[in-house]
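*Asks:* Take a look at the following structure, please.
The values are calculated or read from the model by the stated rules, or taken from the named source; none is laboratory data. Please read these numbers as outputs of a predicted model, since none were measured by experiment. Cβ atoms come from the backbone with ideal geometry, glycine included; neighbour counts cover every protein chain shown.
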């Protein structure tokens with residue numbers, strides 16, 4: 001017997017929001033986007049056909065996102081999947097009167113500090129994350145939380161970026177700064 005859909009609700013959504021950034025797959029291709037509205041920050045997965053035809057967008061652009069919202073009442077979670085993204089200039093609408101909150105809800109980077117990950121460089125990755133967050137002036141938006149085992153000890157150092165719950169393995173200190181930029185953007189214009 002297959003999974004029951006009686007605890008799920010599926011509906012269309014239409015959202016005007018400010019683009020915060022992109023979430024990439026391990027291959028470097030865009031998988032999702034992060035947007036902000038006056039009601040919070042959202043991670044929206046992109047339909048596969050949209051990933052290859054994504055319009056030229058930059059963080060800070062205002063966009064209209066249309067897609068499907070699935071609510072799982074049993075787990076208490078919802079998922080957004082976009083099938084269309086349009087820059088607001090193309091829609092003929094001015095930017096939303098009340099912009100996204102100046103301080104987005106706090107994001108976290110969970111990083112394993114158990115012995116196996118530390119032997120594989122977790123302390124250096126932690127230092128690189130702290131430096132990049134400080135350089136990017138994101139200290140008020142992003143926290144680093146040291147954790148116990150995140151499983152996958154042989155593939156350490158391991159970390160998880162929240163609220164997206166994106167997991168990374170074998171992270172190097174050089175990659176750590178890019179992960180901060182990828183998930184939280186930058187405030188500073190220096191590279």
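*Asks:* With region 17-96 as the region, which strands (runs of 3 or more DSSP E) entirely inside it contain at least 3 residues that are in contact (Cβ under 8 Å) with a residue 60 or more places away in the chain? Walk me through it before giving the result.
*Replies:* Working: elements: 30-37, 40-46, 62-72, 77-87.
Where strands (runs of 3 or more DSSP E) fall fully within region 17-96 and carry at least 3 residues being in contact (Cβ under 8 Å) with a residue 60 or more places away in the chain, they are 30-37, 40-46, 62-72.
*Asks:* Just checking, does region 116-124 include any residue being assigned to a loop (DSSP other than H, G, I, E, B), crowded, with 17+ Cβ neighbours inside 10 Å, in contact with a strand residue (DSSP E or B) (Cβ under 9 Å, 6 or more places away or on another chain) and free of Cβ contacts under 8 Å to residues at least 60 places away in the same chain?
*Replies:* no
*Asks:* Can you name every residue in region 145-161 that is closer than 23 Å to residue 34 by Cα and either surrounded by 15 or more Cβ atoms within 10 Å (Cβ to Cβ) or assigned by TED's automatic domain parsing to the domain that holds residue 40 (or both)? It would help to see each step written out before you state the result.
*Replies:* We begin by selecting, within region 145-161, every residue closer than 23 Å to residue 34 by Cα; these are 145, 158-161.
Answer for region 145-161, where residues must be closer than 23 Å to residue 34 by Cα and either surrounded by 15 or more Cβ atoms within 10 Å (Cβ to Cβ) or assigned by TED's automatic domain parsing to the domain that holds residue 40 (or both): 158, 159, 160, 161.
*Asks:* May I pose another question? Which one of the conditions (1) within 14 Å of the chain's Cα centre (by Cα); (2) at pLDDT 90 or above does residue 184 fail to meet, given that it meets all the rest?
*Replies:* Every condition holds for residue 184 apart from (2).
*Asks:* Another question, if that's okay. Just give me the residues in region 137-164 being under 16 Å from residue 22 (Cβ atoms) and at pLDDT 85 or above, in sequence order.
*Replies:* Taking region 137-164 as the starting set, the residues that turn out to be under 16 Å from residue 22 (Cβ atoms) are 161, 163-164.
Scanning region 137-164 gives a single hit, 161.
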